[in-house]
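Right, one structure below, let's go through it.
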Amino acid sequence: MTVNPTLTIADSEIGVPPPAPTPGAGHPELRAERLRLAYGDRVVVDDLDLVVPPGRISVIVGANACGKSTLLRALARLLNPEAGSVQLDGRAIHSLPTRQVARQVGILPQAPVAPDGLTVIDLVGRGRSPHQTWWRQWSPADERAVAEALAATGVTDLAERPVDELSGGQRQRAWIAMAVAQQTPVLLLDEPTTFLDLSHQIDVLDLVVDLNRRDGRTVVMVLHDLNQACRYADHVIAMKAGRIVAQGQPASVITTDLVDEVFDVRCEVTVDPLTSTPLVIPTSRHHPRSGVTAAGPR
């Protein structure tokens, strides 16, 4: 592949978010109906209904092994349902051609691994595969898409670096750049902040918001940090034992009762002074609620 890493989009297009687009305008609808997902005899998700809000950032939360990543894989057509269906614009996603789905829905799985020695620019270029055919190979449009993705994710200066030599935050941005270059209106991210320090977590999540605001891209993420979910989500989906127990705006979903039910954690929920979103403060034996004496030895 020959790509000019110095090609960038105009400065006026980078770092200055345009007016927020109309959510869902011109974007495909992704939904699950009576979805049942299993690995062998083990049912992980059962009788699940979901309509992904188009043009918004949705975050799936829940305890380990509750079905979050499994649901995301099914939405991306990486896992066949035992029953029910995932639909893309009203058509069963498994009935659609692979290339057609790949032009509409992109997914970044947990902790992806690049081949040894693969450079950032080659990795990002792989995001253009769904747009190429035997009669249409690499084109100026592909080159521009890669350059825009490198610039949007802040990795243009790393274009010729091997992916396996990057820091965790740089590597994650490179993978997101590949998904951006794919130019899908729907982007699915499975724990994009895993293994990152706090600074890089914020960088990645801010980048996701930039992508959403730039073009109204529909984003569905799995996150473990409830406070980050509340800060960055327009729509929160809480799961327990393979089912959705609550969904909606963060303030309506993340309550003390919900955290107790889903995570078996007692907490106080207050208001984040910076964002006015819910702020979850867990309690414990040694850090009980105000006025409550901790039980057990100190």
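Taken together, the values in this text are just the output of simple stated rules run on the coordinates, not laboratory data. Please read these numbers as outputs of a predicted model, since none were measured by experiment. Don't worry about glycine lacking a Cβ; one is built from the backbone with ideal geometry, like all the others, and counts go over all protein chains shown.
Structural remarks
- Assigned charges on the beta-carbon of Lys, Arg, Asp, Glu; the range 73-191 dipole about Cα centre (debye): 460
- A cut-off under 12 angstrom between Cβ atoms defines the neighbours of residue 231, and their net charge, with Lys, Arg +1 and Asp, Glu -1, is -4.
- Evaluated with a Cβ-only charge set (Lys, Arg +1; Asp, Glu -1), the range 24-113 carries a dipole of roughly 320 debye about its Cα centre, given to the nearest 20.
- Under 5 Å between amide hydrogens, built in the peptide plane, is the criterion, and for residue 189 it picks out 108, 220, 221, 222 among residues at least 5 positions away or on other chains.
- Most positive-pole-ward Cα, 207, 187, 96, against dipole of the chain from beta carbon charges: 96
- Calculated diffusion of the range 194-283, Stokes-Einstein form, Kirkwood radius summed over Cα pairs, 10 °C and 1.306 mPa s, µm²/s: 114
- 5 angstrom amide H check on residue 279, placed H, neighbours 5+ away: 270, 271, 272
- Charged-residue dipole, Cβ positions (Lys, Arg, Asp, Glu), the range 11-255 about Cα centre, Debye nearest 20: 760
- Highest-fluctuation residue, 202, 57, 254 considered, GNM on the chain with Cα pairs under 10 Å: 202
- Coordinate range of the alpha-carbon atoms in the range 73-211 per principal axis, descending: 42, 39, 29 Å.
- Along each principal axis, Cα extent of the range 144-298, largest first, Å: 60, 34, 32
- Where Rh is the Kirkwood radius over Cα pairs, Rg/Rh for the chain: 1.00
- For the chain, built as a Gaussian network whose Cα springs stay under 10 Å, the top-fluctuating residue of 162, 273, 53: 273
- Taken as Cα centroids, the range 229-285 and the range 58-78 sit 17 Å apart, rounded to the nearest whole angstrom.
- Footprinting exposure proxy ranking of 286, 131, fewest other C-beta atoms within 10 angstrom first, gives 286, 131.
- Per residue, the chain reaches -8000 deg cm²/dmol at 222 nm when only DSSP H runs of four or more residues are counted, each adding -39500 (n - 2.57).
- Sorted fewest first by neighbouring Cβ atoms within 10 angstrom, 68, 240 come out as 240, 68.
- Amide proton proximity set for residue 245, modelled H, under 5 Å, gap of 5+: 238, 239, 240
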